[in-house]
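Input: a single structure, listed below in structure tokens.
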């Protein structure tokens, strides 16, 4: 069997023929059959691929020479219209509107590399009230649909008219849906879409269809009015975005600090490995050098993978380093996973991540700020390194971090939860507190913040969330004094509130400012253009892991579609009973109980919906890298609730130049 253009000889070649099939008779034979060893077989769902790559050859005819009895019969197919997919950009900006979404938000890419392509054409052949839409989507990463939606609400994503092209049991289907809100079930509308052509090539999915320009009723939107377009793809009938589990090997720093046999135990390095197939002989090592090859390995610590469930705490202590003027190279220690004494499967280290957001700008730059997963700290100003001489019941139940603000930011934290107190009798009036306990002058925090933002382009949210001391009397004047100090110190770096709730990272970077200053006193915040509303915190006041997880799950379900950043306060909270009857314990022990589980929850369950996650003793979590990886994975999980919007004016489907391509 071969392909030919009418009036010419054979063209192209077969590049894929099912095993056991030597020829195929065409559709004029009543039953499709393949021949194998001269025996007729009824075979279904067989795909034969024919390739011709030298341009448009017009109509195609497939010709088969079939042996029936003692004669060969020549069987010809109908003339088949040449399928132009993948299409090209000819006509874009003249007689059709075009859009393409490139990988990593690049401004230009070939159609074959584009994640999504959309083309809109109006033509007299369809009548004056019909638009032909061509959609192409990359449906890799376990996805099966691509869609374009039309609506007026780019923030809440309510009342969307969605046109979807999807795979279903080996077939390519088209459907139109109306979705009242991101949390409602889409309503399938029949008779809206008229299919023209569908095609699939590997992970690429192409559909061309017609639909009315003018809407009928409340569930079909008229396209000749000001609208937003929403492009998204995902897994049909799924409520959550799913990605394949990834292997993860990393170091954490234990928050536990205490005296053992008259010696302090503090900041012990922890080995963590996730989703590895632990084979006999596999082991994990801690090194004080970069283990580049398996010869002459000399680990500080070695543990067999099968002896421990993905976690081992060593007795090696991780010092507090000064990260100023340090690059993003590894600091001090490495972890490696070794197989059969022959191969290093993976290795990692602790290192600064001073501008992980800006380094990912081509991937996440167009994300609205409320759609970015930001790692944060609870009570970021309540930092104090452990010392036996200062190990008291007060420090045990008030210290929440042991790295200063500069180091917190340098390790990748992008949300600072701060509490500010006012002390009129001290040389420095403003201090950062944990409730009534005073820790550091606010000026120390500001200086660290300034030092960081002068060397990084990353966006930092500073949330002045409470005023636990000194603000009860004459508070208007004190708030004004505090804001004057903050604006005087940070002014050129502060992002104006006028950028709005749907501001993207790229919008922020265009301002050359990188600090969002959120302020808990609403009256003060609303009267200062450089202040933002305080960040809503979901704080559960929970003392057990099951109750904390249940609380965060409930918060995730309520907050997932928020158009403003919000913080999941992912830490266990001590009670008065704990302070009175467990004086030797404290926040460090609670963090040791919860932080590995918190890391797991946000890596596996809520990575696609989290906004801000704030923790105690952040180096005992993997929350920074969980956030970095989650933001990159979210590119492949664009759906109705997390679509990136592109403004389209009211003549978009009539005036071809209105959609950028």
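See the values below:
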{"quantity": "Estimated inter-spin distance, residue 307 and residue 455, nm [label 7 Å along Cα→Cβ]", "calculated": "4.0 nm"}
{"quantity": "Likely footprinting exposure, 252, 575, 94, 314, fewest C-beta neighbours within 10 Å first", "calculated": "94, 575, 314, 252"}
{"quantity": "Residue order, fewest to most beta carbons within 10 Å, for 188, 548, 490", "calculated": "188, 490, 548"}
{"quantity": "Hypothetical label at residue 424: residues of the stretch 474-494 whose amide nitrogen lies under 12 Å (7 Å Cα-Cβ projection)", "calculated": "474-478"}
{"quantity": "Distance (nanometres) between label positions extended 7 Å along Cα→Cβ at residue 108 and residue 577", "calculated": "6.7 nm"}
{"quantity": "Peptides ranked, highest mean first, by Cβ atoms within 10 Å: ranges 509-521, 364-376", "calculated": "364-376, 509-521"}
{"quantity": "Near-label residues of the stretch 325-358 by backbone N, under 13 Å of a point 7 Å along Cα→Cβ of residue 288", "calculated": "332-334"}
{"quantity": "Pairwise FRET efficiency - residue 550 versus residue 344, Cβ, R0 = 51 Å, nearest 0.05", "calculated": "0.80"}
{"quantity": "Principal axis dimensions, largest first and in whole angstrom, of the stretch 356-638 by Cα", "calculated": "50, 44, 32"}
{"quantity": "Extended-chain gain in nm, criterion 0.36 nm per residue less alpha-carbon gap, residue 523 and residue 604", "calculated": "25.2 nm"}
{"quantity": "Separation of alpha-carbon centers, the stretch 251-306 and the stretch 360-421, rounded to whole Å", "calculated": "25 Å"}
{"quantity": "Neighbour-count ranking [beta-carbon atoms within 10 angstrom, fewest first] of 357, 556, 569", "calculated": "556, 569, 357"}
{"quantity": "Whole-number percent relative contact order across the stretch 356-638, with pairs defined as alpha carbons under 8 Å at least 6 apart", "calculated": "25 percent"}
{"quantity": "Calculated FRET value between residue 94 and residue 511, using beta carbons and R₀ = 25 Å, to 0.05", "calculated": "0.10"}
{"quantity": "Pairwise FRET efficiency - residue 222 versus residue 173, Cβ, R0 = 22 Å, nearest 0.05", "calculated": "0.30"}
{"quantity": "Share antiparallel - DSSP beta bridges, the stretch 356-638, percent rounded to 5", "calculated": "25 percent"}
{"quantity": "Point-to-point label distance, residue 394-residue 199, nm (Cα→Cβ direction, 7 Å offset)", "calculated": "7.5 nm"}
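Values quoted throughout were computed directly from the atomic coordinates according to the rules given, and no laboratory measurement underlies them. On a predicted model such as this, the values are computed, not experimentally measured, just so you know. All Cβ positions, glycine included, derive from the backbone under ideal geometry; neighbour counts span all protein chains shown.
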